[in-house]
Amino acid sequence: EGERGCHRQCSFCVMRRSTNGGMRLVTPEHILSFVPEHAQKVGLVGAAISDHPKLVPLLETLVHSGRGIGVSSLRADRVSRKPMIAELLRTSGARTLTVASDAASAALRREISKGTTEKHLLRCAEIAGQLRFDTLKVYMMLGLPNESDADVDELIAFTKEMASMSRISLGISPFVAKRNTPLDKTPFAGIKTVEQRIKRLNKGLRGRAQIRPTSARWAWVEYVLAQGDEAEGIALMEAVHRGGRFSDYKRAFSAIQAA
C-alpha cells in the first residue's frame, strides 16, 4: 500500500479529497521494507497510487531487482505525462495497460470534476500501441446524471480514434450514487436505460473495440444498498436467505417500497 486517500475531487467518488490534502504517502523505503525477498511480483495499491511523487523511482527499483510489478488506479493524465510508468510495467511483463475515463463524453467528465481529457486518453492509446501492450483497457460509467445518447455517440467516435492506435477494451460500470458524495441521492438511471446504452455502444463499436459491461440489474441492487438504511439491510438478509438471486433482491426491496 503506497498511499491512502486521494487529493482529487471527482464528485462521484467516496475517496475524494477531504482532510490533510487528501493523501497520506508512504515512503519508497518503507514500501520496499515490506517486500519479501522471495517475492516474484509486487502489486502497489492505493486510491491514487499513480499520483505518488516517487512512483517512477520505486517502480524502477522493483523492476531492476527482477520482479514483476502491478499498479492499481492508474490515472490517464499521469501515464500521459509520465510514460515511464507504462514502460516499466511493460518491461516487467504487463500485457494490459489500464486507465479510467469514467464518463462517456468530455462534457460529462467536466460535470463530475474528472480531470481526464481526450488528449490524455489518446496519448495513453499511443503509448500502449508504441510499447506493444496487448490491450488498453479504459474503465468508465454509463448512466451518469444528464447523460444522453449523444454522449454515448461521442464515446463511440472517440473509441474508434483510440482503436486506430491500440486494441481497446471498455470496462463499463453503471453509475451508482454513493453516500456522502456530491452526487449522493442522484437517482439510478434505470436498468432498461443502461442496457439500451450498452446495446448502442456494442452496435457502434462492433469489430472495433471490446465492450465488457457489468450487470445493470446488479448495479441497481448496489444502488439500493448504497442509498439504503436499516430497512434495506434487513431486506438484504432476507434476499440472501431466499437464495440471493436478483429476483429475491427485487422482491425484498419492493416490499420496502410498498410498506
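Where a number appears in this text, it was derived from the coordinates with a stated rule and is not lab data. Just so it is clear, the model here is predicted, and its values are computed rather than measured. Glycine gets a Cβ as well: all are built from the backbone with ideal geometry, and neighbour counts include every protein chain shown.
Over segment 39-118, the ratio between the Cα radius of gyration and 2.2 N^0.38 Å evaluates to 1.18.
The aspartates and glutamates within cross-link reach of Lys185, meaning a Cα-to-Cα straight distance under 17 Å and a gap of 8 or more places when in the same chain, are Glu111, Glu147, Glu222, Asp229, Glu230, Glu232. Among Pro145, Pro36, Pro57, the largest mean-square fluctuation in a Gaussian network model of the chain (Cα springs under 10 Å) belongs to Pro36. Couplings 3J(HN,Hα) for segment 30-37, derived from phi with the Karplus relation 6.51 cos²θ - 1.76 cosθ + 1.60 (θ = phi - 60°), are 5, 4, 5, 5, 8, 7, x, 4 Hz, where x marks Gly and Pro.
Applying the criteria of a DSSP loop state and at most 12 other Cβ atoms within 10 Å to the trypsin sites (Lys or Arg not before Pro) of segment 127-189 yields Arg132, Arg179, Lys185.
Rounded to two decimals, the Cα-based Rg/Rh of the chain, with Kirkwood Rh, is 1.00. Among the listed pairs Lys160/Lys203; Lys114/Lys178; Lys137/Lys160; Lys119/Lys192; Lys54/Lys82, those with a Cα-Cα distance over 21 Å are Lys119/Lys192. Separation of segment 159-203 from segment 20-75 is 30 Å, based on Cα centroids. Please compute the net charge surrounding Pro57, taking Lys and Arg as +1 and Asp and Glu as -1 over other residues with Cβ under 14 Å from its Cβ. It works out to a net charge of -1. Spacing of the modelled spin labels on Thr96 and Ala150, each 7 Å from Cα toward Cβ, amounts to 3.4 nm. Taking amide H atoms as placed 1.01 Å from N in the peptide plane, the amide H of Val42 lies under 5 Å from those of Gly68, Ile69, Gly70, each 5 or more residues away in sequence or on another chain. For segment 212-259, the equivalent ellipsoid built from the Cα gyration tensor has semi-axes of 18, 12, 9 Å, listed from largest to smallest.
In a GNM of the chain with a 10 Å cut-off on Cα contacts, which of Glu161, Glu230, Glu87 has the highest mean-square fluctuation? The residue with the greatest mean-square fluctuation here is Glu230.
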